[in-house]
Amino acid sequence: MNLADLGPTSRRAFLGLAAGGIAALGAAAPARAARVRTSARIVILGAGAGGAAFANRLADRLEGAKITIIDGRAEHWYQPGFTLIAAGLKPAGYAVSRTTDWLPRAAEFIADYAAEIDPEAKTVTTRGGQRVDYDFLIVATGLSLDWAGIEGFSTEMIGKDGIGAHYHSPEAAAATFRALDAFTSKGGQALIGRPATEMKCAGAPLKLAFLTEDMATRKGTRGNVSITYAAQSKALFGVPIVAEKVRMLFAERGIGVAHEHVLKAIDPARKVATYATPEGDKELGYDFINVIPPMRAPEAVMNSPLPWADKWVGEGWIEVDQKTLRHARYPEVFGVGDIAGVPKGKTAASVKWHMPVVEDHLIAQIQGREGTETFNGYTSCPLITRVGRAMLIEFDYDNNLVPSFPGLIAPLEELWVSWLMKEVALKATYNAMLRGKA
Amino acid sequence: MKEMTLGTLIAVFEEMFGRGLFWVLVALAVAITLGFAFMVLRERRLVAGRFLRAEIFAPIGAILAVAFVWWITSSGFGDIGGPIDLLAVLAIAAVGGVGFTILIYVLQGLAGVLRPRG
């Protein structure tokens, strides 16, 4: 059955595995220490998962602080839900709420985007020209999808002529499902892949490949459907043991792989995609293609002095210490979420683990002492391998698997309980995190 | 996982069900449990016949609980992939079975209490 058919009450009326959801998001329990008095001006750039959750935590912990949140987006998107929307299991509205629903009353909200960040003068200027001074800056802008980085593509094409792009928005994820549904009914060649830049949720394109295969199998059209996964490197995932497992599963499911293929252009008229490869450009024909463009820091961050100068050049991730998430050159600046220039963790689960660390160091700094918490690179990915099953993959900077339930929920096994966590418990845990309670 | 507190779990359940419904469900569960405890204390024993009749309903509760979970999620029997999945199904069935048994026991007791004596 389709959950979209259910009303919100019956959908909620489920004794689910909340504990599992907490694991999938990484359960760092909020430390509820005594409130700290301060008159510090704290600016949070971005009201997404990281910004909203951090604002709520700070509002709970600090007394007298002036907290300002700057974000021009009126809608809050529950991005871990995009895959479920693209699979046709949830409607677009599943991932949409209002930004202001999640922000603490104690904070001031400026509904505009940052245009300029000056960490020397400690000011942020919005596009509307409002200048905001800060003592501490939390950069939680998330990242930008560089659609112009794919030649011949425009976002109006999503959902038409076999073109999907489920990263774009909840609506685009729903349009991607329509294209995928039509494709798996008819058959042909599917191309699914990922960009060569750092990206949020590197598991999502793999999930889409598995789900395409599953959809065709359930419709009985698998024989007419050919799926090729275009990997940007020689591996299918950044964590070697997971890459091996995915390689085995792809082989078992008959999903082909084109290694070192990075999408650079599409020609919708000819239904041909062009990939950059070590041997030069290669063209592959498609009947369905899912476009995931290069990902970069938003312009205001990219043009500021905050990004790394010698790492991820052209991508703009900010230069933070990978354990404390504090900026290397501006100690009153921290990075939370996707914008942090660290080697792992552009997921909501990582955001959850970023927060206690940044909170600890920020409050320690306010109190004139040293913080002690560290971030170990924790990233979690409930890797869906078909509707009804997933692998609960959790790992750290060193590519170690760090399962939340060792010996109980095997990370590299396709399990129903892992699916339940993704489908049922994850959004509740995410929402609790946004409220600063998880 | 670092640590999971009761507060975190409650916050997650509030989000899952909605705050109102969650606490209504908690209140219902507590009321049924208290009703059971009250009845056992009042009668100073488990009434064997009533308990036996209640137990007959346990498998129905177990099946209903598992069917409910499969009904509201995009999954089913064929998705059981490992031992932990089977354990989860059994745990859901056990909760449904025990819950239903206690509920039926309490309802029978209430029916007895409320029945006009003639």
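The values are calculated or read from the model by the stated rules, or taken from the named source; none is laboratory data. Everything numeric here is computed off the predicted structure, so don't read it as measured data. Positions of Cβ are generated from backbone atoms using ideal geometry, with glycine treated the same way; all protein chains shown enter the neighbour counts. The accessibility values were calculated without ligands, DNA or RNA, using every heavy atom of the protein model including side chains. Shrake-Rupley method; radii C 1.70, N 1.55, O 1.52, S 1.80 Å.
Remarks
- A:Glu120/A:Arg41 FRET efficiency (R0 25 Å; Cβ-Cβ; nearest 0.05): 0.95
- Here the calculated FRET efficiency for A:Thr155 and B:Thr33, from their Cβ-Cβ distance with R0 = 56 Å, stands at 0.55, rounded to the nearest 0.05.
- Rolled with a 1.4 Å probe across the full set of protein chains, the surface gives A:His361 an accessible area near 10 Å².
- The charge dipole of region A:131-192, taken about its Cα centre with unit charges on the Cβ of Lys, Arg, Asp and Glu (plus for the first two, minus for the last two), comes to roughly 280 debye.
- Evaluated over chain B, the Cα radius of gyration and Dmax, each in Å: 17.6, 62
- Solvent-accessible surface ranking, highest first, for B:Glu43, A:Glu171 at 1.4 angstrom: A:Glu171, B:Glu43
- Computed on chain A, with alpha-carbon pairs under 8 angstrom and 6+ residues apart, the relative contact order is 20 percent.
- Taking A:Pro293, A:Pro80, A:Pro331 in turn, the Gaussian network model of chain A (Cα-Cα springs below 10 Å) assigns the largest fluctuation to A:Pro331.
- Ligands, DNA and RNA left out, the accessible area of region A:60-141 computed with a 1.4 Å probe is 43% carbon and sulfur.
- For region A:324-398, the fraction of alpha-carbon pairs in successive 10 Å shells from zero, as %: 19, 43, 24, 9, 4, 0
- Partner aspartates and glutamates for A:Lys219 [C-alpha distance under 16 Å; skip if fewer than 8 residues away on the same chain]: A:Asp181
- Shape of region A:139-286, Cα gyration tensor, a/c cut at 1.5: rounded
- Charged-residue dipole, Cβ positions (Lys, Arg, Asp, Glu), chain A about Cα centre, Debye nearest 20: 1180 debye
- Total buried accessible area between A and B, probe 1.4 Å, nearest 100: 3600 Å².
- Working note: 222 nm ellipticity from helices only, DSSP H runs with n ≥ 4, each -39,500 (n - 2.57), summed and divided by the residues of chain A, gives -8000 deg cm²/dmol to the nearest 500.
- Heavy-atom accessible area ranking, 1.4 Å probe, most first, across A:Arg222, A:Arg127: A:Arg127, A:Arg222
- Cα centre as origin, Lys/Arg/Asp/Glu Cβ charges: chain B dipole, Debye: 820 debye
- Taking 7 Å steps out from each Cα toward its Cβ at B:Ala91 and B:Leu25 produces label points 1.5 nm apart.
- Surface share of carbon and sulfur [accessible, 1.4 angstrom probe, percent] for chain B: 77 percent
- A:Ala258 versus A:Arg178: modelled label distance in nm, points set 7 Å from Cα along the beta carbon direction: 2.7 nm
- The protein assembly as shown - accessible surface per residue (Å², probe 1.4 Å): 41 Å²
- With a threshold of 19 Å on the Cα-Cα distance, the over-threshold entries among A:Lys90/A:Lys427; A:Lys200/A:Lys352; A:Lys352/A:Lys437; A:Lys344/A:Lys427 are A:Lys344/A:Lys427.
- Here, region A:254-403 has an Rg and a Dmax of 19.5, 63 Å when only alpha carbons are counted.
- Straight-distance candidates among the lysines for linking to A:Lys282, with alpha-carbon spacing under 25 Å and chain neighbours fewer than 8 residues away dropped: A:Lys160, A:Lys207, A:Lys234, A:Lys264, A:Lys271.
- Taking all pairs of distinct alpha-carbon atoms in region A:65-120, Kirkwood radius in angstrom: 13.4 Å
- Listed residues A:Leu263, B:Leu114 arranged by accessible area, highest first, probe 1.4 Å: B:Leu114, A:Leu263
- When the convex hull of its Cα atoms is projected in every direction, mean area for region A:83-179 (nm²): 8.7 nm²
- Between A:Ala297, B:Met16, A:Ile318, the Cα set farthest toward the positive side of the dipole of the protein assembly as shown (charges on each charged residue's Cβ, about the Cα centre) is that of B:Met16.
- Given in Å, the Rg to one decimal and the Dmax to the nearest whole number for the Cα atoms of chain A are 21.4, 66.
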